[in-house]
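Okay, so here's the structure we're looking at.
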Amino acid sequence: MTDRDDLDMLAAEFVLGSLDTEERASVTRRLQHEPELNALVEEWEVRLAPLAEAIEPVTPHPGVFARIERQIDAIQATPVAEPEPARATAPDNVIALQARLRRWQWSTGIASAAAMLLVAVLLLQPRPEPIPQSFVAVFQQNDQQPAFMLSVDLSTRKLSIRPVTAEPLQDKSYQLWIKADPLGPNPRSLGVLNDNFELDQATALSDFDPELLKQATFGISIEPDGGSPTGQPTSPAIHGYLYPTGMDTPEQNR
Amino acid sequence: MTDVFSSSAALSPTDSGAPSAPAPTDHISDLLHKVAREDRAAFAELYQATAPKLFGTVLRILNQKSWAEDVVQDVYVKIWHKAEQFDAKKASPITWMVTIARNSAIDVLRKHPLAQRAPQEELDLIASAQPDAHSQLENEQALRQLNGCLEELEEGRREMVRLAYLNGWSRANLATYFDQPVNTIKTGLHRALKLLKGCLAS
């Protein structure tokens, strides 16, 4: 039996449902980064799909859909509970947020990250609710991978940046920018990130009004070592908007 | 409650003037594409059209209604978030959704193996799949072909395949029920799956 046959049988048994707990969990993990296995699994899903015809439809309790909607509302009001430290694979909530960010981009008509350098977009929750104090922004590089996460506590105006997929650069620096209408047409530098992805001064936001921060767009650009020589971004920036984390807001039914 | 598999329910009456109304599969695909753009109305329609099938799928594996409802809730939240990953070129929308439901239910079952129901009760449920009167033609053809291939398996292996796929039985569950070593079950499943693959490709 060849390796390819073994892989095919692993995929087949995964789809069939006969793998035990550990093997199943192992395949689930491998599917994230093994396209060959993924493709075999997809083939078996289609191959065995007619078996599901034997399943009798059963109507679930009428309250289930309302629960689903409430859960989606809650997730949307709470994109991330707490920014996760960087890991080799992006955690689920980052993936969910990434998907959501892409949808926001569609809905706001944004074509590409590079073309839309630091465009201010107001992103508030669509329904009135108490204003939360904690916000998170996701910076994505190419509509695929979130590169950084920025969290801001508006009450203290402290910010922290965590890399998700971003790597330290050789002889280059990441620089953080803010853009908001009251600040004029040009982005303003918030500082240069050091090799630990920290801003040299953690109080970079202390001069800004919280209301302005909520409406601002943040950008991260790649600059010559030490920061932009011109005072303006010299490369296309990846951008992010603040989302309320909303942990302290009670869920409201619509 | 409409169902995807009923021939008329998913056809949009507003399209009656068009030369051909969209097939139910296309309609479900359209709904998924709208859900990917966060269209709540489309999501509600998608739920109405597909929830009985997905709930039936999960219930068959978990055999407990309130538990299955919790899992179905998670399944639709996943569908809401993953809708943009749906690729109509790879699988039908129902296959894609049933896959999410089966994976979720089997994952939950593996974590709570005590929920396994009595084997005899299971066997009563594995009567051979028949295309119901409302199935689409393409489903019918695929089902007829797979049933034909299943017929070529020896009876025990046919049962194993169905018990694993429909009820989420692991090799160990099958080994206990068929009173065979786990490795024998594994070998038997692999033979059955290879035979099915070859038969379906012919």
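Within the stretch B:143-159, can you find the residues that are assigned to a helix (DSSP H, G or I) and more than 8 Å from chain A (Cβ to nearest Cβ)? Of everything in the stretch B:143-159, those that are assigned to a helix (DSSP H, G or I) and more than 8 Å from chain A (Cβ to nearest Cβ) turn out to be B:Arg144, B:Gly148, B:Cys149, B:Leu150, B:Glu151, B:Glu155, B:Gly156, B:Arg157, B:Arg158, B:Glu159. Screening the candidates A:Pro83, A:Pro79, A:Pro91 for the property of being at pLDDT below 85 and in contact with a Lys or Arg (Cβ under 6 Å, 6 or more places away or on another chain) yields one hit, A:Pro83. Candidates in the stretch B:75-99 are the residues that are more than 7 Å from every other protein chain (Cβ to nearest Cβ), among the hydrophobic types (A, V, I, L, M, F, W, C) and part of a loop (DSSP other than H, G, I, E, B); of these, the one that is farthest from A:Val64 (Cα to Cα) is B:Ala88. For the stretch A:213-224, the criterion of a residue being surrounded by fewer than 21 Cβ atoms within 10 Å (Cβ to Cβ), of a type in the set (Asp, Glu) and either within 30 Å of A:Gln76 (Cα to Cα) or modelled with pLDDT of 75 or more (or both) is satisfied by no position. Find the residue count for the stretch B:49-73, including only residues that are facing another protein chain (nearest Cβ under 8 Å) and either outside any helix (DSSP H, G or I) or without any contact (Cβ under 8 Å) to a residue 60 or more places away in the chain (or both). So the count comes out to 12. For B:Leu32, the test of being of a type outside the set (Ser, Thr, Tyr), under 21 Å from A:Ala52 (Cβ atoms), modelled with pLDDT of 95 or more and touching a Phe, Trp or Tyr at 6+ places or on another chain (Cβ under 7 Å) is passed.
For the stretch A:1-22, the tally of residues that are modelled with pLDDT of 95 or more, part of a helix (DSSP H, G or I) and either under 29 Å from B:Gln64 (Cβ atoms) or more than 7 Å from chain B (Cβ to nearest Cβ) (or both) stands at 9.
Filtering the stretch B:175-195 to residues that are buried (at least 21 other Cβ atoms within 10 Å of the Cβ) and facing chain A (nearest Cβ under 7 Å) leaves B:Leu189, B:Leu193.
The values are calculated or read from the model by the stated rules, or taken from the named source; none is laboratory data. Predicted model, so just to flag it, every value in this text is computed and none were measured. Here the Cβ is made from the backbone with ideal geometry for all residues, glycine too, and neighbour counts use every protein chain on show.
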